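These notes concern the structure reproduced below.
The values are calculated or read from the model by the stated rules, or taken from the named source; none is laboratory data. Predicted, not measured: the structure shown is a model, and the values here were computed from it. No Cβ is skipped: glycine too gets one built from the backbone with ideal geometry, and neighbour counts run over all protein chains shown. Please note that ligands, DNA and RNA were not included when accessible areas were found on the heavy atoms of the full protein model with its side chains. Shrake-Rupley method; radii C 1.70, N 1.55, O 1.52, S 1.80 Å.
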Amino acid sequence: MLEIKNLTKTYKGGKTAVDDLSLRVRAGHNGAGKTTTIKAVVGIHDFDKGEIRVDGKDVRAQSLACKKAMAYIPDNPDIYEYLTGIQYLNFLADIYQVPGKEREERIRREAEDFGIYPVLGDLVSTYSHGMRQKLAITGALIHEPRLLVLDEPFVGLDPEASLLLKRKMHAFCEKGSAIFFSTHVLEVAEKLCNRIAVISGGKLIVE
């Protein structure tokens with residue numbers, strides 16, 4: 001589902017954040033990585049050399065097709081504060097061309113699960129950090145992506161929401177999709193992941 005070959009990313013000033021990194025994440029399995037790698041996978045960062053493929057497609061040559069196949073949730077989601085929660089979710093559904101009936105069903109299901117359905121009519125600017133994280137997760141699941149990319153997904157979530165997300169991650173993979181996520185909490189990696197990669201100084205230490 002996700003393949004990274006010899007990825008290298010150097011920032012201005014000469015700091016190498018990712019150094020010749022190679023990883024594979026198969027469908028039905030979870031992995032762990034670093035923020036710079038994640039941003040290269042989802043198309044936020046360009047990279048100096050190497051290759052990234054999502055579902056067999058090159059993220060540079062077929063960037064739109066790759067983005068349609070995945071969803072990304074950053075550690076601190078930036079959501080348009082002047083929209084209401086439901087406007088934000090419909091905006092995402094429009095981008096991913098989710099039909100009306102499916103959209104309504106998925107929004108209701110995910111928002112009710114995370115307990116934010118009653119406040120979807122409120123402006124995002126009134127949401128707490130945890131509520132924004134729940135909204136971002138709901139939005140990421142609307143188009144039923146094949147690959148879910150998460151950066152520290154449990155930051156800001158209450159224990160109940162964290163447990164729910166873990167259950168959803170398991171169910172997501174059981175349906176044949178894949179998850180690639182970063183975490184500094186070893187217990188989370190141990191309990192959730194089928195495969196773990198430890199990265200230090202931009203280099204793969206062990207997989």
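Taking the stretch 33-54 as the region of interest, how many residues are modelled with pLDDT under 90 and closer than 12 Å to L148 by Cα?
3
Kindly indicate which of Y88, Y72, Y82 is at pLDDT 85 or above, surrounded by fewer than 16 Cβ atoms within 10 Å (Cβ to Cβ) and either more than 27 Å from T126 (Cβ to Cβ) or not hydrophobic (A, V, I, L, M, F, W, C) (or both). Walk me through it before giving the result.
On the way: Y88 fails: surrounded by fewer than 16 Cβ atoms within 10 Å (Cβ to Cβ); Y72 fails: surrounded by fewer than 16 Cβ atoms within 10 Å (Cβ to Cβ).
It is Y82.
Can you pull out the residues in the stretch 44-92 that are small (G, A, S), more than 23 Å from K203 (Cβ to Cβ) and without any contact (Cβ under 8 Å) to a residue 60 or more places away in the chain? Before you say what the answer is, go through the steps one by one.
Applying the first criterion (small (G, A, S)) to the stretch 44-92 yields 50, 56, 61, 63, 65, 69, 71, 85.
The next check asks that each one be more than 23 Å from K203 (Cβ to Cβ); those that pass are 56, 61, 63, 65, 69, 71, 85.
The answer is G56, A61, S63, A65, G85.
Which residue pairs have Cβ atoms closer than 9 Å, lie 6 or more positions apart in sequence or on different chains, and pair a first residue in the stretch 99-122 that is within 13 Å of I142 (Cβ to Cβ) with a second residue that is open to solvent by 70 Å² or more (accessible area, probe 1.4 Å) and polar (S, T, N, Q)?
Pairs that qualify, where the first residue is within 13 Å of I142 (Cβ to Cβ) and the partner is open to solvent by 70 Å² or more (accessible area, probe 1.4 Å) and polar (S, T, N, Q), are L120/Q87.
List, please: which pairs have Cβ atoms under 9 Å, are six or more places apart or on different chains, and start with a residue in the stretch 129-158 that is closer than 19 Å to R53 by Cα and among the basic types (K, R) and end with one that is in a loop (DSSP other than H, G, I, E, B) and modelled with pLDDT of 90 or more?
Here the result reads R146/S177, each pair linking the stretch 129-158 to a residue that is in a loop (DSSP other than H, G, I, E, B) and modelled with pLDDT of 90 or more.
Just checking, does the stretch 118-136 include any residue being of a type in the set (A, V, I, L, M, F, W, C), within 19 Å of the chain's Cα centre (by Cα) and either at pLDDT 95 or above or within 24 Å of A27 (Cβ to Cβ) (or both)? Spell out how you get there, then give the answer.
At the first step, the residues of the stretch 118-136 found to be of a type in the set (A, V, I, L, M, F, W, C) are 119-120, 123-124, 131, 135-136.
From the residues that got through so far, the ones that are within 19 Å of the chain's Cα centre (by Cα) too are 131, 135-136.
Among the residues that remain, those that are also either at pLDDT 95 or above or within 24 Å of A27 (Cβ to Cβ) (or both) are: 135-136.
Checked the stretch 118-136: at least one residue is of a type in the set (A, V, I, L, M, F, W, C), within 19 Å of the chain's Cα centre (by Cα) and either at pLDDT 95 or above or within 24 Å of A27 (Cβ to Cβ) (or both).
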